[in-house]
Amino acid sequence: MTMPVVAALSVGCLGGCGGGGDDSVNPGGGLPGSSNGSIMACFTANKQISFSMTSSNVPPGEVELNRITIGPDFYNNQAVMKQTAFYSNETVTTILYYSTTNDGARWVAVINPDGTVINDGTFFHQNMSPGQTVTSADNYPTTFVGFEAITLAGKTFTNTCHVRSVPVNDPQVGLVDQWYAPGYGLIKSVLPDGEISQYGGDL
């Protein structure tokens, strides 16, 4: 069985980069955004929730993402949000921990399906403008595209954070687009090979 493409769960450093971010923010293209959005809200859930994910264009031999849970938790004695992705066989998971402060949101760590731990550190400042890019310590860029409304499975998510990153497990293949929604975290990802995973309804 081929392991899932871990970039499907998170931006930036999900496939194999380590170290922390340098927190640098570079001006981007000034894409239009919403003045009502909050980067911190995109990575915050006030309670434990679970929702289904539907996947399409999954390459042969790979397991597909079919369920996500998110909620408050602790990691290394730090209060965090824990988002767990469950794949179609329910025995393979990817876990992402992130934290928020008044200054923004930070990816703390990723636990890959094989048990390896990546200390990510990618940080989005709370006042980032659409089109700005953050670069991790090992030089993998992630761009904040902007706040967007997106409707999936009959539910409209407003002020989602749309981010675009280089897949660190294979930076030559293209870009990963992802949408994170207040109270839900990751609700949609589009991989360079055309694979799409997206919210399919609350459980």
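The values are calculated or read from the model by the stated rules, or taken from the named source; none is laboratory data. Computed from a predicted structure; not experimentally measured. FYI the Cβ positions are ideal-geometry reconstructions off the backbone, even for glycines, and counts take in every protein chain you see.
Just a few scattered comments:
- Just one of the listed residues (Y75, Y98, Y87, Y140) is hydroxyl-bearing (S, T, Y), under 23 Å from N46 (Cβ atoms), crowded, with 20+ Cβ neighbours inside 10 Å and in contact with a strand residue (DSSP E or B) (Cβ under 9 Å, 6 or more places away or on another chain), and it is Y98.
- Looking only at residues of segment 70-102 that are aliphatic (A, V, I, L, M) and either within 14 Å of the chain's Cα centre (by Cα) or assigned to a strand (DSSP E or B) (or both), we find that the one that is nearest to D202 (Cα to Cα) is I70.
- Of all the listed residues (Y140, Y98), the sole one being in contact with a Lys or Arg (Cβ under 7 Å, 6 or more places away or on another chain) and at pLDDT below 95 is Y98.
- Check on G131, in contact (Cβ under 8 Å) with a residue 60 or more places away in the chain, loosely packed, with under 15 Cβ neighbours inside 10 Å and over 26 Å from Y75 (Cα atoms): no
- Tally, over segment 103-123, of residues that are surrounded by 16 or more Cβ atoms within 10 Å (Cβ to Cβ), under 24 Å from E148 (Cβ atoms) and out of contact with any Ser or Thr (no Cβ under 8 Å at 6 or more places or on another chain): 2
- Criterion violated by T84 - all others in (1) on the phi < 0 side of the Ramachandran plot; (2) touching an Asp or Glu at 6+ places or on another chain (Cβ under 6 Å) satisfied: (2)
- Of the residues making up segment 144-203, just one is among the basic types (K, R) and at pLDDT below 95, namely R164.
- Residue within segment 158-179 that is under 19 Å from G201 (Cα atoms), aromatic (F, W, Y) and more than 15 Å from the chain's Cα centre (by Cα) present: no
- Subset of segment 187-203 [touching a residue at least 24 places away in the same chain (Cβ under 8 Å) and in a strand (DSSP E or B)]: I187, K188, S189, I196, S197, Q198, Y199, G200, G201, D202
- Residue within segment 28-50 that is modelled with pLDDT of 95 or more, farther than 19 Å from D120 by Cβ and either among the hydroxyl-bearing types (S, T, Y) or touching a helix residue (DSSP H, G or I) at 6+ places or on another chain (Cβ under 7 Å) (or both) present: yes
- For I111: the one exception among (1) modelled with pLDDT under 90; (2) on the phi < 0 side of the Ramachandran plot: (1)
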